[in-house]
Amino acid sequence: PYSTGWYGPRSHCHVDDELIIDLKRMNDFEIDEKHLYAVVGSGIIYSQLQEEAMNRGMYIIIGGGGSQCSAIANMIGDGWSPLSYRIGLPHRRILGTELVLPDGELVKMGSLATGDDPFWGDGLGPDLRGLLRGFTGHRGFLGIVTRMAIKLLPFQPERLEPAGISPHTTLMLPEKRVKWINFTMPSKDAMREAMFEMAKAEIGGGVTKVPIFWRAIARANSKEEFWELWSKENEESISSFHLLRVLLIAFTSEEQMEYEEQVLTDIITEIGGEARRTRPSDESWFKNADSAGMWLMCGGYVSVDYVIETIEHAIPHGENYAKLKRNYTPPLMPDYGDPGWFQSFELGHQGYSEFLVYWDPDVNSDGVDHFYLETSKENIRKRFYTSLLGSHQPLYLTGPAYGPNYHEWLLKIKNEFDPLFICHPPVPLAHDEFVSRAEWMKPMKDWESPI
């Protein structure tokens, strides 16, 4: 149901005699052009779905991990990017879905509960999509999703042309219909203000703050070249780097591009920003051809936390983590206090912050585990609302602090549907067991737990 589980420095297998089910041959696919949705099996990957959607004037979000992943696995797990500014969050785009429970019972969600048409996600009665995910997913701990209808969104009609030779591939953008523009901004507050003003004007297809190490990754042809570039940075260069990246999409006409670009220029000029020369191409978001670059610097990578709340909440979250990370560097990669990545979701109604960490997996990585756990405690101390609740952090640590006692409800649901913990054991208690069993983690446990 959630095969590799590569989320953090410690991965599968979680239990002895574990069986991993490969779903790649479940590759059923159909697309409804009139009502803008696709019905996919578990084996359909994002590159297939995005290509078929774009051939028909539609598009979908591909998560930052790359287009090689299962569309269903990403939809029930994470599933966002800067395109979430316009498209919205993934749990709103899950339509009719089929879930096979551990006892073999088939649960049909949304309009599939009353018929064969999966066009509607809510369905009659309670919305059961919460069994799959909240802001993030439960990692398949209640069963296996075998079929899902995914909402697609209207795109523009011009083709994004592939160019380059692997691994240096890109999509060339038709500039009268799709355009990225980078802006140098005077401060972080100016970036935040620009995001709000764009949302008020209802323009743009995406907007994000660019971390400086993304630029180094994009320029480097090897790990050695990355470190040559990165060694030139320092805390001053990091703190003064304010790059805002804006995506414009002329969904309706070329005139829309002219209008939105003029409005955007007025907003940025008033705030004090300045446009930079920007290549008319995309490597990262429409098809995610460069996702492997996340592992370039050190070999190990994870998004240690992400917040989906407000922009005002998201920005200090990253700043706070940057300070905390100093205590765990090394083994974490030195990033000179970079506060991570933040962006605007759902036309400014949501703010997003993601904090990335990198390390060399060939050296002792106990400190990576320590930092991951300490961020859970830091969220509780500083009252940050993290999206990584449930199966992503020790349940008996975060449960009493959020809800309160949401862990009691989560375990009641688990025991109702899967009392024998057949499906993805020991989730949602994997982190609890890890902390209890790993000798290097035991000194950090300062909360009550039956495990």
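Normalise the Cα radius of gyration of segment 1-140 by 2.2 N^0.38 Å (N = residues in it) and let me know the number. Could you put the intermediate results ahead of the total?
Details: Rg = 15.3 Å, N = 140, 2.2 N^0.38 = 14.4 Å.
So the Cα radius of gyration is 1.06 times the expected 2.2 N^0.38 Å.
Just to check I understand the Karplus step: with θ = phi - 60° and J = 6.51 cos²θ - 1.76 cosθ + 1.60, what whole-Hz values come out for segment 300-310, glycine and proline as x?
x, 7, 7, 7, 6, 6, 8, 10, 10, 8, 10
With +1 assigned to the C-beta of every Lys and Arg and -1 to the C-beta of every Asp and Glu, and no other charges, what is the dipole magnitude of the chain about the Cα centre in debye, to the nearest 20? Mind dumping the intermediate values first?
Details: 43 positive and 64 negative charges, 41 e Å.
Result for the chain is approximately 200 debye, rounded to the nearest 20.
Please identify which residues in segment 155-194 have an amide N closer than 19 Å to a label point set 7 Å out from the Cα of residue 223, following the Cα→Cβ vector.
167-168
What distance in nm separates the simple spin-label points at residue 16 and residue 56, each placed 7 Å from Cα in the Cβ direction?
It is 5.0 nm.
So what is the relative contact order for segment 170-286, in percent, with contacts set as C-alpha pairs under 8 Å and at least six apart?
Working: 152 pairs, mean separation 62.5, N = 117.
RCO, segment 170-286: 53 percent.
Residue by residue through segment 386-394, which ³J(HN,Hα) values in whole Hz follow from phi under the Karplus form 6.51 cos²θ - 1.76 cosθ + 1.60 (θ = phi - 60°), with glycine and proline marked x?
Result, ordered by residue: 8, 7, 8, 8, x, 7, 9, 9, x Hz.
Mind listing the phi-derived Karplus ³J(HN,Hα) values for segment 276-286, rounded to whole Hz, using 6.51, -1.76 and 1.60 with θ = phi - 60°, and x for any glycine or proline?
Karplus values, whole Hz, x for Gly and Pro: 10, 5, 10, 5, x, 8, 9, 10, 10, 10, 6.
Can you pull the one-decimal nm distance between simple spin-label points at residue 438 and residue 231, each 7 Å off the Cα toward Cβ?
Computed distance between label sites residue 438 and residue 231 equals 3.1 nm.
Label residue 448 and residue 163 with points 7 Å out from Cα along Cα→Cβ: what is the distance between them in nm?
Rounded to a tenth, the inter-label distance reads 6.3 nm.
By average Cβ neighbour count within 10 Å, what is the ranking of 304-314, 406-416 from highest down? Mind showing how you got there, number by number?
On the way: 304-314: 20.8, 406-416: 14.8.
Descending packing order for the listed peptides: 304-314, 406-416.
Using the beta-carbon distance between residue 35 and residue 124 and R0 = 22 Å, what value does 1/(1 + (r/R0)^6) give for FRET efficiency, to the nearest 0.05?
0.70
Quick check on the chain: helices-only [θ] at 222 nm, where DSSP H runs of length 4 and up contribute -39,500 (n - 2.57) each and the sum goes over total residues. Nearest 500, please.
-8000 deg cm²/dmol
So who's got an amide H within less than 5 Å of the one on residue 351, skipping anything under 5 residues away but keeping other chains? H placed 1.01 Å off N, in plane.
Residues meeting the criterion, in which the H sits 1.01 Å from N, are 309, 310, 311, 345.
Would you grab the residues whose amide H sits under 5 Å from the one on residue 88? Only those 5+ places off in sequence or on another chain, please, with H modelled 1.01 Å from N.
When sequence neighbours closer than 5 places are left aside, the close amide H contacts are 346.
For residue 341, list long-range residues whose amide hydrogen, built 1.01 Å from N in the peptide plane, is under 5 Å from its own amide hydrogen.
354, 356
Among [x] 20.9, 65; [y] 21.9, 62; [z] 26.8, 97, find the value of Rg and Dmax of the Cα atoms in Å that was calculated from the structure presented, and write down its label.
[y]
If R₀ is 41 angstrom, what is the calculated FRET efficiency for the pair residue 196 and residue 68, using the beta carbon separation as r and rounding to 0.05? Intermediate results must be reported in sequence, preceding the final value.
Working: r = 35 Å, r/R0 = 0.86.
In this case the efficiency is close to 0.70.
Specify the inter-centroid distance of segment 368-388 and segment 402-447, based on alpha-carbon positions, in whole Å.
16 Å
Let me have the relative contact order for the chain, percent, based on Cα pairs under 8 Å that are six or more residues apart.
Rounded, it is 17 percent for the chain.
No lab work stands behind these numbers, since they all come straight from the coordinates. Only a predicted model underlies this, so the values are computations on that prediction, with no experimental measurement involved. Reconstructed Cβ throughout: ideal geometry from the backbone, glycine too, with neighbour counts over all protein chains shown.
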